[in-house]
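Written out below as structure tokens is the structure these notes cover.
The values are calculated or read from the model by the stated rules, or taken from the named source; none is laboratory data. All of these numbers come straight from a predicted model, not from anything done at the bench. Neighbour counts are summed over all protein chains in view; Cβ atoms, including those assigned to glycine, are modelled from backbone coordinates with ideal geometry. Areas reflect the complete protein model, heavy atoms only, side chains present, ligands, DNA and RNA absent. Shrake-Rupley method; radii C 1.70, N 1.55, O 1.52, S 1.80 Å.
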Amino acid sequence: MSLSMRHRFHRPCLSAVTVAAILPLAAAMVLAVPAAQAAPITPDADALDGACATLRVYNGSTPVGYVVRSGAGYGFTSSASAATSFRLEATQLGRYEVFGSDGRPAYQSVIGLILAGDSYGSRADFTVTKAGDRYRFTATATGQVMGSFLGRLSAAGSSYTVALATATGCYTAPDIDPGVSGTPAPGVDGNGRLVGTIDAHAHITAAAAFGGRMHCGEAWASGGVQTALAGCDTHRSLNVGALFEAIVGGTDPVNSPEDGWPTFGDWPQHNSLLHEQSYYRGIERSWRAGQRVLNALLVANRAICELFPYRDTSCDEMDQIRVQSRYLHSMQDYIDAQNGGAGKGWFRIATTPAQVRDIAAQGKLAVTIGVENSEIFGCREINDVPQCTTAQIDAGLDELQSIGVSGLYPVHKFDNAFGGTRFDAGLSGAFVNLGNLLSTGHWWTATSCSGPSDNEQPLVSDDLVRLLSFGVVNLPPGAVLPVYPSGKICNTRGLTSLGRYLIAQMMDRGMIIHVDHMSVKTVQAVFDMAAAAGYPGVTSVHSWSDPAMIDRVLALGGFVATYANSVPEFLGEWRANRTAPHGSAITGYGYGTDVNGLGDQANPRPDAAANPLVYPFTALNGTTVTKQVFGTRTFDVNTDGAAQYGLFADWSTDLIQQAGGDSALLRQQLMSGAEAYVRMWEQAR
């Protein structure tokens, strides 16, 4: 029996656990404990999620009564059988939303009375602490203790406590079932090697990036799925969010109704790039289906942040990284709270390779931390003048390592004080080039080149003209549109002296160097430094590098993953990398979802209608997977592609099934991906 339908798929009933704990005593004292007597609830204060309970209020040692719904709020009764049944739903470790049996959450009003509300808010959040065999409920927003005033449930003095006892008939809060059942294969083999897949490039904290308002939706929220996946007014038809999404994702800015939970008609889609695509129940589905490592990249971009008119936090890129670090750790705590208390969740942040191995051995998901931004440590350049010093680099690396960061992108979308960027293409390239102008004071500069090259640019960018026509930004005074050579081109900027200093420091610290997004000229210099030092800690993990550069990663002993795009594209790139001069070095392979990263997720396979992935299917780790349902929407990889993170369980299975004669090898390499990544990290350290 489970706590509620909401929790049937991931943890046992608190009431059942409590009853099981007292069964030996009950067997010896059958006459002393009537069968109908409610069992007291007394676990730690962070282990109450899902409890269905009556609340009996005490003032010191004197009982006031059982809480019962009365009018707009709550009164007291001396009868346990007349008491209201309340559901406790964790909002964070040791914090709860308290639902009456009618589904209305208790909240503390401005006059102190505790009333029945309509939805989650800061005043519907209670911090719970242990007080002997009872608990103290404190309104998180006000710091006032739940108790009695004039016979009503209300704010009161610190002498008030609450006893909990098991109840029935509680409200069931909405949630999302991962849709995975069965016993998974172990996360490590008999030799301690990791067995499972790795997403080497994901932005699960993007809701807290770019000032906190450009992205709609959350990977988790204290108010649950109804809060996390609600639509946003700023992204409705013809509002600024809809216009931005049209620019970066090609969506329709005129038809954006924002119907998130529970219908999800508008989003998530595989190209809904400014809406949440990695709600934690989707991540849970992927983990239950065989994923063992997720590299969470904290992402920032000052210029893009400043273009969006609404924000809750600073656009300074280091501030954005700090906010996302807190978001990620709070996400871990929230998942702990959903799974029995501190340290008990399946989502575990790992800061060393040894921790990854330990987490995998427990059958949980190891979450490593990286950073991907253009002005790391404030190291932008303005007209080729660096805006930082070596002392700032040292202090910045110290700070990143203190929050668990294991690797970073020295260069991202813009040229910076460390080196030149690899150009984006098309309309998104025009958008990013405009950002480069705002960040550095100059457009990208390019020259014709042979051999490895950066993405081609149009001779004269009509896309820039189109972008400027949206009216989001005006060109700085005196700026004129750039003109580029036709054919293959390379960024004129390479690794700077500060860039060399950063790379040397990263190697000394055993940090992973992400080479995607570096210009050809920059990345070649980085490879030369790594080769001279015998350093294997280099990666290309989401197809943002020239094939010749990817082969150099393999030659150094680094790790390679392919962007989790369409199935045919992924298979083509994997096969090309295998047949490269150093392709035999691939022992394990990864994918990089780039989820929430302003890039399309995998679209439906073109021939899926005639040759679909059949549900239910057996996942790579032996579990059984059915279609995942969000509210009233059912997701199907054959028609939705990877519209949300949970569908990567489906996508990876479909990928292997479509690999033909290579299926066995691809399966082996994907299931060895986590091991290959961690082994590379160990060797770098």
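Computed over protein heavy atoms with a 1.4 angstrom probe, the accessible surface ordering of VAL128, VAL195, largest first, is VAL195, VAL128.
The calculated FRET efficiency for ASP662 paired with LYS130, based on their beta-carbon distance and R0 = 41 Å, is about 0.15. Each label point was placed 7 Å from the Cα along the Cα-to-Cβ direction; for ALA576 and ARG326 their separation is 4.3 nm.
The phi-based Karplus calculation (6.51 cos²θ - 1.76 cosθ + 1.60; θ = phi - 60°) puts the 3J(HN,Hα) values of region 170-177 at 7, 5, 9, 6, x, 7, 10, 7 Hz, whole numbers, x for Gly and Pro.
Please state the shape class of region 129-174: rounded when a/c is under 1.5, otherwise prolate if a/b exceeds b/c and oblate if not, all from the C-alpha gyration tensor. Because a/c hits 1.5 or more and a/b exceeds b/c, region 129-174 counts as prolate.
Rolled with a 1.4 Å probe across the full set of protein chains, the surface gives PHE423 an accessible area near 0 Å². Taking all protein chains together and a 1.4 Å probe, the residues TRP681, TRP261 rank TRP261, TRP681 from largest to smallest accessible area.
Each peptide in 443-451, 641-649, 427-435 was scored by the mean count of other Cβ atoms within 10 Å over its residues; highest first, the order is 641-649, 427-435, 443-451.
Bridge orientation summary for the chain: considering DSSP beta bridges with both residues in this region, about 65 percent are antiparallel.
For region 132-193 versus region 208-284, the spacing of their alpha-carbon centroids is 29 Å.
Number of Lys-Lys pairs in the chain with C-alpha atoms under 19 Å apart and a separation of 8 or more places or on different chains: 4. Here's how it looks for ALA131: its modeled amide H is under 5 Å from those of ARG136, which are all 5 or more places away or on a different chain. Among the listed values [x] 0.98; [y] 0.95; [z] 1.01, the one matching Rg/Rh (Cα atoms, Kirkwood Rh) as calculated from this structure is [z]. Label positions at GLN387 and LYS344, each projected 7 Å from the Cα along the C-beta direction, are separated by 4.7 nm.
Amide H to amide H distances under 5 Å link LEU113 with ALA155, where only residues 5 or more positions off or on other chains count and H is placed in the peptide plane.
When the residues GLU245, GLU569 are ordered by accessible surface, computed with a 1.4 Å probe over the protein chains alone, the sequence from largest down reads GLU569, GLU245. The helix-only estimate of mean residue ellipticity at 222 nm for the chain, built from DSSP H runs of length n ≥ 4 each weighted as -39500 (n - 2.57), is -8500 deg cm²/dmol after division by the residue total. If R0 equals 35 Å, the separation of the Cβ atoms of ASN191 and ALA609 corresponds to a calculated FRET efficiency of about 0.20.
Between the Cα long axis of helix 673-684 and the first principal axis of the chain there is an angle of about 70°, rounded to the nearest 10.
Inter-label distance, ALA504 to THR632: 6.4 nm, where each label sits 7 Å from its Cα along the C-beta direction. Seen through its C-alpha gyration tensor, with square-root eigenvalues sorted a ≥ b ≥ c, region 476-611 comes out oblate because a/c lies at 1.5 or above while a/b is not bigger than b/c. For region 122-127, putting each phi into the Karplus relation 6.51 cos²θ - 1.76 cosθ + 1.60 with θ = phi - 60° gives couplings of 4, 7, 9, 10, 10, 8 Hz, in residue order, rounded to whole numbers and with x for Gly and Pro.
Amide H to amide H distances under 5 Å link ILE512 with GLY407, LEU408, where only residues 5 or more positions off or on other chains count and H is placed in the peptide plane. Between the Cα long axis of helix 426-440 and the first principal axis of the chain there is an angle of about 90°, rounded to the nearest 10. Once each part is reduced to its C-alpha centroid, what is the distance from region 355-387 to region 285-343 in angstrom? First find each Cα centre; the distance between them is then 12 Å.
The separation of region 62-93 from region 539-579, counted between C-alpha centres, amounts to 58 Å. Per residue, region 577-685 exposes 36 Å² of solvent-accessible protein surface, assessed with a 1.4 angstrom probe and all protein chains in place. Computed from the Cβ-Cβ distance with R0 of 41 Å, the FRET efficiency linking THR624 to LEU238 stands at 0.40.
Listed values for region 393-404 are Karplus-derived 3J(HN,Hα) couplings in whole Hz (6.51 cos²θ - 1.76 cosθ + 1.60, θ = phi - 60°), namely 5, 4, 5, x, 5, 4, 5, 4, 5, 5, 9, x, and x replaces Gly and Pro.
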